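See structure below.
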Amino acid sequence: MTPDRLFVTVLGFTLIVFIVWFFWLKKSKGTRATLTSSGQQEAMILVKGGYTPDLVLVERGKPVRLNFRREETASCSEMVMLPDFDKSVQLPTGETVAVEFVPTEPGEYEFACQMGMFRGKLIVE
């Protein structure tokens, strides 16, 4: 095998490994919602090319407030839906919108844009 073919083969294999890691194996650390003085769990989620953080940890039985702040104009990001809690809200650009609910059962619950391109997860412990 010539050096140029070897180089292209190694580069291609490296790119394949990176893509597999980035899309399927990369684990998000997430963030734990902070407990306010009123006993409510609160987390700020930035909407810009996705959700940051895209993994939020909360405790069951305590009220939760997820504050979504949209910093882009893409049509996909103009709404967030939490189907397991029967919530969906419009997210105007540049504004912070709160979504409030009380999780009663432990588990993993997804939130997403209306097209399903932006996804996040709420873990109730």
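Please compute the Kirkwood hydrodynamic radius over the range 14-70, one decimal place, Å, based on all pairs of different Cα atoms. Taking the inverse mean of 1/r over all distinct Cα pairs, the range 14-70 comes out at 13.1 Å.
Among the GluC sites (Glu not before Pro) within the range 72-116, which fall in a DSSP loop and have no more than 16 other Cβ atoms within 10 Å of their own Cβ? Please report the intermediate quantities before stating the final value.
On the way: sites: 72, 78, 95, 100, 108, 110; in loops: 72, 95.
Loop-located and lightly packed - 72, 95.
Here the chain was treated as a single set of alpha-carbon atoms; its pair distances binned every 5 Å from 0 give 2, 10, 18, 20, 15, 11, 7, 5, 4, 4, 3, 2, 1, 0 percent. Stretching the chain fully between residue 1 and residue 102 yields a gain of 30.1 nm (0.36 nm per residue, less the alpha carbon separation).
Distance from the alpha carbon centroid of the range 1-64 to that of the range 70-106 works out to 19 angstrom.
Taking Lys and Arg as +1 and Asp and Glu as -1, the other residues whose beta-carbon sits under 12 Å from that of residue 120 total -1. By the count of neighbouring beta-carbon atoms within 10 Å, fewest first, 113, 76 end up ordered 76, 113. Among 35, 122, 55, the order by Cβ neighbours within 10 angstrom, fewest to most, reads 35, 55, 122. Here the label points at residue 32 and residue 125, each 7 Å from Cα along the C-beta direction, are separated by 0.5 nm in the simple model.
Calculate the translational D of the range 58-120 in whole µm² s⁻¹ from Stokes-Einstein, where the hydrodynamic radius comes from the Kirkwood formula applied to all Cα pairs, the temperature is 37 °C and the viscosity 0.692 mPa s. The estimated diffusion coefficient comes to 267 µm²/s.
Compared with the alpha-carbon gap, the fully stretched path from residue 46 to residue 10 is longer by 9.2 nm at 0.36 nm per residue. Straight-distance candidates among the aspartates and glutamates for linking to residue 29, with alpha-carbon spacing under 15 Å and chain neighbours fewer than 8 residues away dropped: 54, 108. Fewest-first ordering of 123, 45 by other beta carbons within 10 Å of each residue's beta carbon gives 123, 45.
Mind listing which trypsin sites (Lys or Arg not before Pro) in the range 1-40 are in a DSSP loop and have 15 or fewer other Cβ atoms within 10 Å?
Details: sites: 5, 26, 27, 29, 32; in loops: 26, 27, 29.
Within the range 1-40, the qualifying trypsin sites (Lys or Arg not before Pro) (loop, at most 15 other Cβ atoms within 10 Å) are 26, 27, 29.
Just so you know, all these numbers are worked out from the coordinates, no wet-lab data involved. Computed from a predicted model, the values in this text were never measured in an experiment. Glycine also receives a Cβ, built like all others from the backbone with ideal geometry; neighbour counts cover every protein chain displayed.
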